[in-house]
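The values are calculated or read from the model by the stated rules, or taken from the named source; none is laboratory data. Quantities reported herein were computed from a predicted structural model and do not represent experimental measurements. Quick reminder, even Gly has a Cβ in these numbers, built from the backbone with ideal geometry, and neighbours come from all protein chains shown. Note: accessible area is taken over every heavy atom of the protein model, side chains too, but ligands, DNA and RNA are not part of it. Shrake-Rupley method; radii C 1.70, N 1.55, O 1.52, S 1.80 Å.
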Amino acid sequence: MTVGMTPLVEAVDLAKHFPVRGGGLLRRHTRALRAVDGVSFAIAAGETLGLVGESGCGKSTLGRLLIRLIEPSDGRILFDGEDITGLSVPDMRRRRRAMQIVFQDPYGALNPRMSVEDIVMEPLLIHGARADAAARAQVAEMLRLVGLPARARLRFPHEFSGGQRQRVGIARALILRPRLLVCDEPVSALDVSVQAQIVNLLQDLQQELGLTLLFIAHDLAVVKHISDRVAVMYLGRIVEIAEKRALYGAPLHPYTQALIGAVPALDPRSRSRGRRARIAGDIPSALDLPPGCRFHTRCPHVMDVCRSVDPPLMEAAPGHHAACHLLKTAI
Ligand code: SF4
């Protein structure tokens with residue numbers, strides 16, 4: 001979190017373990033897929049935190065946990081100082097106005113049989129508003145804010161490009177004027193040429209509406225542009241979190257270093273150059289986590305201790321935390 005700022009949202013030892021049945025014909029054994037496994041962090045009001053990591057690292061699950069779209073197995077979530085972890089469904093629904101999500105697939109997230117006006121207005125109706133002139137005026141204002149023409153309101157999702165559909169998804173997420181917006185890979189399904197437009201739009205909206213953003217992506221180039229701080233996730237844990245400049249300028253965790261070595265540029269003209277220093281090996285299964293440091297099966301600096309002792313997240317410099325045994329000798 002930006003030093004000295006009040007957190008809007010805070011995760012404390014947050015975990016989500018999904019039971020998975022297996023083990024022979026009778027499938028009696030239940031194992032736990034530890035998608036998120038003891039994660040603590042905070043996002044300051046008005047801040048943008050980028051959350052990056054490979055597919056399957058738990059970043060989307062973490063985003064959904066934070067706004068209680070899915071229930072945590074353990075840990076707590078604080079929103080504006082209030083513990084929302086145990087709130088009932090009606091109480092949570094009232095708080096949900098303040099926390100919304102933009103999904104990766106703008107087409108799959110929009111009902112193809114509804115007009116843009118109905119899609120964007122729907123959250124207002126769910127929260128008790130009437131489909132009247134005032135609601136239509138709010139929709140029109142929101143379409144303007146996301147850069148869609150007024151005439152778009154009567155059209156249907158299939159009539160739009162991927163980028164325009166994502167603008168509709170953003171308008172729908174913002175119509176309730178949330179304070180926290182979770183953006184779950186909002187540009188991953190879009191053409192490279194459109195990605196920067198949507199990132200710029202989110203950045204403009206963040207400033208105009210005073211939003212707090214959790215921006216989830218696997219592409220470090222996208223996250224660098226929009227974030228104040230960046231958290232790197234690996235197999236259900238945050239392995240490094242720091243201010244953007246510190247993380248990109250002097251990454252401490254070997255996984256972050258490898259990801260930064262593999263960063264393609266957001267500018268498509270330079271995408272073909274310098275790509276790509278792949279990280280050795282595949283990401284292990286969250287059903288069968290390696291002992292010790294979870295990155296030890298792929299780490300170029302692995303030591304004996306790494307195979308048995310799980311390194312905690314340590315503060316190496318003010319606001320710069322990483323989980324690696326190498327830090328013990330450095331700090
Ligand atoms: Fe690599 Fe060991 Fe650090 Fe893990 S703890 S990242 S295996 S050096």
Hits in region 197-214 - residues which are within 20 Å of Y107 (Cβ to Cβ) and of a type in the set (A, V, I, L, M): I198, V199, L201, L202
Residue match in region 189-196 (condition: modelled with pLDDT of 95 or more and buried (at least 19 other Cβ atoms within 10 Å of the Cβ)): no
Residues that are surrounded by 16 or more Cβ atoms within 10 Å (Cβ to Cβ) and either of a type in the set (D, E, K, R) or in contact with an Asp or Glu (Cβ under 8 Å, 6 or more places away or on another chain) (or both), drawn from region 123-143: V139
Residues that are within 21 Å of the chain's Cα centre (by Cα) and assigned to a loop (DSSP other than H, G, I, E, B), drawn from region 98-130: A98, F103, Q104, D105, P106, Y107, G108, A109, L110
In region 274-328, the residues that are of a type in the set (S, T, Y) and within 12 Å of the ligand (Cβ to nearest atom): T297, S308
Matching residues, region 93-103, being open to solvent by less than 80 Å² (accessible area, probe 1.4 Å) and more than 23 Å from A44 (Cβ to Cβ): F103
Boolean, A189 is touching a helix residue (DSSP H, G or I) at 6+ places or on another chain (Cβ under 9 Å) and either free of Cβ contacts under 8 Å to residues at least 40 places away in the same chain or not assigned by TED's automatic domain parsing to the domain that holds Q207 (or both): no
Members of region 29-43 found to be under 17 Å from E240 (Cα atoms) and open to solvent by 50 Å² or more (accessible area, probe 1.4 Å), listed by number: S40
Qualifying position, being surrounded by fewer than 17 Cβ atoms within 10 Å (Cβ to Cβ) and under 23 Å from Q207 (Cα atoms), among G46, G81, G86, G63: G81
Search result, residues across region 103-160 that are over 27 Å from L214 (Cβ atoms) and either of a type in the set (F, W, Y) or in contact with a His (Cβ under 8 Å, 6 or more places away or on another chain) (or both): P112, F156
